[in-house]
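A quick write-up on the structure given underneath.
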Amino acid sequence: MLGAIAGDIIGSLYENLRTKRKDFRLFTPVSTFTDDTVLTVAVADALLTDNDYGSKIRAYARRYPLRGYGPKFMLWMVSTSPRPYNSLGNGSAMRVSPVAHAFKSAEEVIEHAKRSAECTHNHPEGIKGAQATALAIFMARNRASKDEIRSEISSRYGYDLSRSLDDIRPAYRINLTCPGSVPEAIIAFLDSVNFEDAIRNAVSLGGDADTQAAIAGAIAESFYGEIPVEILNGVAKRLNRRFKQIIVEFYRRFGTKEMIEQSASLIRETRSEPRAEEP
C-alpha cells in the first residue's frame, strides 16, 4: 500500500513529462498525491470497515475531487445512481494493493480484487488487471520468487512478461488501459534490484508514470520488505493526517512487523514538519 502511494507521488510529475531516463529526481516541489493514492486509501478504509468498495471509493473521490480522475469516473463519482461503466482502464489496478494484504489466501485476494474493481471497472480486462496486480503483491509478500510470480501471472492472465524493459521502453507510449500498462508495470518490478529501482523503472517507461509506478511500487514493497527512509519521508511530507491515520491503522491490522514499523515512521519521522492538511 505505501509502495503504491510512494510510486504515485514520485510519478506524479513525470506522467506529463514522459521521461525515458532513470536518473530523475524522486521528489520535487510539485510532487503530490493523485487519484491513485486517494482511491488506494479508500480501498484500505473499506477493508477496515465494511468492504463496501464502491461507497468508499465514491466518498473519497468526492472529498478529494481534483486529483486527476478520468472523465467516466468523474461522471460515476457525481451520479445519484452510479453504475459500473465497463472500463478496462488501469484505475482498477492502481487502487487494489490493500486487498493483497488483507486476506490469507490467493483465492480470497483474487475475489476481492474483482469486487474492488467491478464497482467501476467491470470490463473483463479491467477486472483482470486488478486481479493480476493483487496476486503479484500477494505472492511477493508470501516469499514467491520473481520467476514464480512471472510464471503464475503469465499463465493465469495471459500477460507477456517475457519482455525486458530495454525491449519495451524505446517504442512505449502512454496507455491507460490495463492490458496496455499493467504487464509493463509488473515487468518494471521484475527487472528491478530494489524498491527504488522498481519505481525508477516504471517511470522511465515514459507512459502513465504515476499509475505504473504505483503498481510496480506496491509489488516491490512486498517483495523487498522495506521502503527506503528518504522515500518514506518524502511521502510523509505530502500526505494529510487522515491518510496517515488510515495507513497506520491498516498496517496495524494487516501488515507484517516491518510494515507496521514503517507505517508508524510515516508519522514519527515528520512530527517536526508542517502538516500537509486536507483540502
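Beyond a 31 Å Cα-Cα separation, which of these cross-linked pairs lie in this structure: Lys20/Lys128; Lys56/Lys146; Lys104/Lys128?
On the way: Lys20/Lys128 27 Å; Lys56/Lys146 33 Å; Lys104/Lys128 20 Å.
Result: Lys56/Lys146 exceed 31 Å.
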In Hz, Karplus ³J(HN,Hα) per residue of region 62-76 (6.51, -1.76, 1.60; θ = phi - 60°; x = Gly, Pro): 5, 6, 10, x, 10, 10, x, 5, x, x, 5, 5, 5, 5, 4
Using a Gaussian network for the chain with springs between C-alpha atoms less than 10 Å apart, which of these wobbles most: Asp208, Asp35, Asp197? Asp197
Interchain or long-range residues, amide H under 5 Å from Leu13's placed H: Thr32
Based on the Cα coordinates of the chain, what is the per residue volume of their convex hull in Å³? 110
Taking springs between alpha-carbon atoms closer than 10 angstrom, which of Gln212, Gln245, Gln262 fluctuates most in the Gaussian network model of the chain? Gln245
For Gly89, what residues show an amide H to amide H distance below 5 Å, using hydrogens built from the backbone and excluding near sequence neighbours? Cys178
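Grab the alpha carbons of region 147-279, take their convex hull, and tell me the volume per residue in Å³. If you can, show how the numbers build up before the last one.
On the way: hull volume 16.7 nm³, N = 133.
Per residue, the Cα convex hull of region 147-279 comes to 126 Å³.
Just the ratio, please: alpha-carbon radius of gyration of region 205-263 over 2.2 N^0.38 Å, N its number of residues.
On the way: Rg = 12.3 Å, N = 59, 2.2 N^0.38 = 10.4 Å.
Against the empirical 2.2 N^0.38 Å value, I get 1.19 for region 205-263.
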Around Thr177 (Cβ within 14 Å, Cβ-to-Cβ, excluding Thr177; K/R +1, D/E -1) the net charge comes to 0
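What is the dipole size for region 1-99, taken about its Cα centre, with +1 at each Lys and Arg Cβ and -1 at each Asp and Glu Cβ, in debye to the nearest 20? Don't skip to the answer; put the middle values down first.
Details: 13 positive and 8 negative charges, 67 e Å.
Here the size comes out at about 320 debye.
As a test of the formula, what do you get for the chain when each DSSP H run with n ≥ 4 contributes -39,500 (n - 2.57) and the sum is divided by the residue count, at 222 nm and rounded to the nearest 500 deg cm²/dmol?
Details: 17 runs with 176 residues, N = 279.
Calculated from helices alone, the mean residue ellipticity at 222 nm is -18500 deg cm²/dmol.
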Choose one answer from Ser192, Ser12, Ser164: the residue with the largest mean-square fluctuation in a GNM of the chain with alpha-carbon springs under 10 Å. Ser164
For region 215-228, what does the Karplus curve 6.51 cos²θ - 1.76 cosθ + 1.60, with θ = phi - 60°, yield as ³J(HN,Hα) per residue in whole Hz, taken in order and with x for Gly and Pro? 5, 4, x, 5, 5, 5, 4, 5, 6, 8, x, 7, 10, x
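Read-outs: derived from the displayed coordinates by stated rules, not from any lab. If you're wondering where the values come from, they're calculated on a predicted model, not measured in any experiment. Cβ sites come from the backbone with ideal geometry, for glycine too, and all protein chains shown count toward neighbours.
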